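Asks: Please find one structure pasted underneath; my questions will follow.
Derivation of every value follows stated rules applied to the coordinates shown; laboratory data play no part. Small disclaimer: the values here were computed from a predicted structure and weren't measured. Note that each Cβ is placed from the backbone with ideal geometry, even for glycine, and that neighbours are counted across all protein chains shown.
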Amino acid sequence: MKILVAVKQVSVLDDEFEMRDDGRDVDEDFFEKDLNEFDHFAVEEALLIKEASGGEAEVVIVTVGDDDADDALRTALAKGAERGVRVWDDSLVDADSVTIAKVLAKVVEREDPDMVFTGAQSVDFGHAATGMALAGLLGWPHAAVVSKLDFKPGDENATIHRELEGGLEEIMSVTCPAVLSIQLGINQPRYASLRGIRQARQKPVDELDLSDLGLSAETVKAASRVRRMYAPERGQAEIIEGSVAEQAARLAEIVKELRGA
Amino acid sequence: MAEILVVAGQRDGVLHPATLEAVAAARTVKTGGDSLAVVIISADPDGLAGALSVEGVDEVITVKAGSNDFQPELVEAVVVALAQAREPSLIATAHSVDAWSFAPSAAVMLGSGFASDVLALKSEGSDLIATRAGYAEKVLVDLEFPGRETTLLTIRTNVFEPAGGSSMPKLTAMDAPACETSLNHLGWKEPADAGGIDIPGSDFILSIGRGVSDEGNVEQFLELADEMGATLGCSRPVADNGWLAKARQVGQSGQLAANCRLYIAMGISGSVQHQWGMKHIENIVAVNTDPEASIFSIARYGIVGDMFEIAEELENHF
Ligand SMILES: Cc1cc2nc3c(=O)[nH]c(=O)nc-3n(C[C@H](O)[C@H](O)[C@H](O)COP(=O)(O)OP(=O)(O)OC[C@H]3O[C@@H](n4cnc5c(N)ncnc54)[C@H](O)[C@@H]3O)c2cc1C
Ligand SMILES: Nc1ncnc2c1ncn2[C@@H]1O[C@H](COP(=O)(O)O)[C@@H](O)[C@H]1O
């Protein structure tokens with residue numbers, strides 16, 4: 001029994017940033033990288049299933065990303081996953097979620113897992129698309145924004161809650177194997193222990209390129225291309241300057257004015 | 001002459017209101033000879049056709065399903081069948097949680113262009129350009145779809161004014177395509193009782209986000225809100241961590257601050273899901289250490305600073 005969890009190394013912008021010369025992305029110097037917040041919950045859910053089954057499941061982490069993304073992979077391994085797969089190819093630099101899904105689909109074929117988890121969305125671009133695009137390519141059952149999961153290795157069906165607008169949840173059963181996108185709050189993700197972090201460095205990671213998966217730059221063509229990236233026009237926010245005491249005084253004044261007190 | 005297809009949403013037989021926003025978005029790129037069709041899948045689709053007969057809609061395609069249950073595979077099969085038969089240049093649907101389940105999969109089945117959470121679209125020459133946000137709403141991105149005959153877009157909710165007016169669309173009944181369905185509806189779980197906390201009814205909300213850092217820091221904001229006469233609200237991580245009741249969460253999966261006139265957001269970045277519950281408020285004050293936080297783009301007043309320092313000083317005034 002195997003659970004495959006796809007994780008993304010996301011880019012967090014510095015407080016100030018500049019665009020790249022071609023105007024299609026932010027200059028790399030202004031990024032910090034991190035494991036996508038949602039993916040902590042997806043990894044945790046897989047580990048919980050493994051632990052509840054007395055270790056009868058293997059948790060494999062996959063990421064599509066360059067050397068930098070190794071950190072995200074090791075973070076997930078440090079929490080207790082068995083091994084990792086990292087796919088990279090220079091032609092993936094401008095990959096969109098459909099391209100990533102095409103790569104992941106080949107990894108799923110290779111690994112033949114019983115369940116695939118992704119995060120519900122990435123915090124940098126929030127496509128909320130990669131997992132369900134993957135399911136579409138595989139022809140697998142799928143559900144997005146899963147906020148509760150009841151599944152044991154060997155189960156033919158999983159019971160899930162789909163979190164809908166306004167906090168309403170729909171309880172559903174889904175045939176396995178399935179691709180599920182995991183929502184924040186489904187569990188309390190653990191932190192890796194120091195021992196886990198040390199062990200993670202030794203855990204096996206398959207490093208693959210497109211040709212290892214029988215793919216080429218042409219077969220993973222993106223479904224969109226960035227024409228231009230730019231800073232939005234800022235609203236009319238009037239910035240309150242001054243010392244902290246002055247700022248607070250002005251804020252208090254605004255409150256009192258608006259409250260008619 | 002091009003075809004545009006809008007995929008309507010319904011829950012329990014009630015039309016998803018954002019469907020009319022997707023129609024409005026699609027209309028922005030509709031030109032004279034184009035025809036706009038809306039497809040609705042439900043147990044009683046004819047009953048919803050009236051609500052879909054808004055300005056700009058030329059055709060309503062009704063697909064009668066065995067029930068009102070959400071079946072992503074059925075929606076995908078309908079979209080694929082219609083796209084193959086009609087070769088629409090654009091397929092649009094609201095960026096609802098249901099669409100998160102079916103839209104990306106339908107797009108890869110079609111091999112179409114695709115973008116999600118689109119907040120503006122336009123034609124540049126013969127190219128369709130869709131705008132969405134990136135890097136936690138700090139930048140905008142214009143996307144193009146080179147070489148794609150069809151592009152599927154999910155449209156951010158609460159951006160487009162819902163299409164209104166009326167039209168006399170042609171009604172077309174379509175047989176539900178045969179497809180395997182692997183999800184079964186078992187029931188609903190309503191959000192927990194609010195326990196007297198009234199975010200929707202409150203006219204003054206002080207709201208705290210992840211910037212509060214620790215459970216132990218929450219109490220002082222409860223007290224401050226009390227002194228100021230505000231209801232304490234929060235962003236999702238604060239509720240997910242159990243630091244405040246879920247009933248205080250503002251946003252898409254929480255509460256809509258429907259009657260609020262003054263909203264002070266402290267340590268909240270301004271994610272689209274949070275904004276969903278509050279961006280309409282006339283007076284928003286944002287307190288955030290990051291001058292680029294997207295909350296400042298919707299605020300009326302901003303303080304670039306530390307929420308604890310500001311809170312401590314504020315106490316002297318109430
Ligand atoms: C389907 C779905 C539904 C969702 N529904 C909701 C919802 O209803 N409501 C909701 O809020 N979220 C919702 N989310 C989550 C949402 O995507 C964000 O993760 C969340 O809103 C982030 O909360 P935040 O702004 O508090 O945290 P962050 O984005 O982490 O922002 C924290 C901010 O605090 C600032 N900060 C840090 N320290 C300080 C300090 N000392 N003083 C001042 N500022 C400081 C930082 O600069 C940063 O801007 C939903 C997500 C999904 C996928
Ligand atoms: N480059 C990637 N490698 C592996 N998984 C990814 C990648 N990008 C996105 N994902 C997965 O898809 C989820 C949703 O991301 P997105 O569709 O970009 O919002 C993430 O939480 C990951 O689980």
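Asks: Which of the residues that make up the stretch B:133-151 are touching a residue at least 24 places away in the same chain (Cβ under 8 Å) and either of a type in the set (D, E, K, R) or closer than 18 Å to A:Glu16 by Cα (or both)?
Replies: Of everything in the stretch B:133-151, those that are touching a residue at least 24 places away in the same chain (Cβ under 8 Å) and either of a type in the set (D, E, K, R) or closer than 18 Å to A:Glu16 by Cα (or both) turn out to be B:Ala133, B:Ala136, B:Glu137, B:Lys138, B:Arg148, B:Glu149.
Asks: Right, something else. Would you please name the residue that is surrounded by the fewest Cβ atoms within 10 Å (Cβ to Cβ), looking only at residues in the stretch A:111-124 that are hydrophobic (A, V, I, L, M, F, W, C) and within 12 Å of ligand 1 (Cβ to nearest atom)?
Replies: A:Val123
Asks: Just a yes or no: is a residue in the stretch A:71-78 buried (at least 21 other Cβ atoms within 10 Å of the Cβ), polar (S, T, N, Q), out of contact with any Gly (no Cβ under 8 Å at 6 or more places or on another chain) and within 23 Å of A:Val146 (Cα to Cα)?
Replies: Yes; the residues of the stretch A:71-78 include at least one that is buried (at least 21 other Cβ atoms within 10 Å of the Cβ), polar (S, T, N, Q), out of contact with any Gly (no Cβ under 8 Å at 6 or more places or on another chain) and within 23 Å of A:Val146 (Cα to Cα).
Asks: In addition: Pick from B:Leu152, B:Leu232, B:Leu171: which is assigned to a strand (DSSP E or B) and within 11 Å of another protein chain (Cβ to nearest Cβ)?
Replies: B:Leu152
Asks: Let me ask another. Give me the pairs, please: first residue somewhere in the stretch B:175-191 and at the interface with another protein chain (Cβ under 7 Å from one of its Cβ atoms), second residue anywhere and among the basic types (Lys, Arg), beta-carbon distance under 9 Å, and either six or more positions apart or on two chains.
Replies: Final answer for the pair search is B:Leu183/A:Arg162; B:Lys189/A:Lys148; B:Pro191/B:Lys246.
Asks: Name the pairs whose Cβ atoms lie under 6 Å apart, with the first residue in the stretch B:268-282 and in a helix (DSSP H, G or I), the second near ligand 1 (Cβ under 7 Å from one of its atoms) and small (Gly, Ala, Ser), and 6 or more positions between them or separate chains?
Replies: Within 6 Å, the pairs are B:Gln273/B:Gly251; B:His274/B:Ser235; B:His274/B:Gly251.
Asks: Right, next: Would you confirm whether or not the stretch B:298-307 contains a residue that is among the acidic types (Asp, Glu) and under 23 Å from the mean Cα position of the chain (by Cα)?
Replies: Checking the stretch B:298-307: not a single residue is among the acidic types (Asp, Glu) and under 23 Å from the mean Cα position of the chain (by Cα).
Asks: Moving on. Name the single residue that is nearest to ligand 2 (Cβ to nearest atom) among those in the stretch B:281-306 being buried (at least 19 other Cβ atoms within 10 Å of the Cβ) and among the polar types (S, T, N, Q).
Replies: Ranking the candidates gives B:Ser294 first.
Asks: Another question about this same structure. If you take the residues of the stretch B:122-136 that are surrounded by fewer than 22 Cβ atoms within 10 Å (Cβ to Cβ) and closer than 18 Å to A:Pro232 by Cβ, which of them is nearest to the other protein chains (Cβ to nearest Cβ)?
Replies: B:Gly134
Asks: Looking for something in a helix (DSSP H, G or I), touching a residue at least 40 places away in the same chain (Cβ under 8 Å) and more than 8 Å from chain B (Cβ to nearest Cβ) - is there at least one such residue anywhere in the stretch A:133-141?
Replies: Checked the stretch A:133-141: at least one residue is in a helix (DSSP H, G or I), touching a residue at least 40 places away in the same chain (Cβ under 8 Å) and more than 8 Å from chain B (Cβ to nearest Cβ).
Asks: Just the residues that are near ligand 1 (Cβ under 6 Å from one of its atoms) and touching a strand residue (DSSP E or B) at 6+ places or on another chain (Cβ under 8 Å), please, taken from the stretch B:229-249.
Replies: B:Ser235, B:Arg236, B:Gln249
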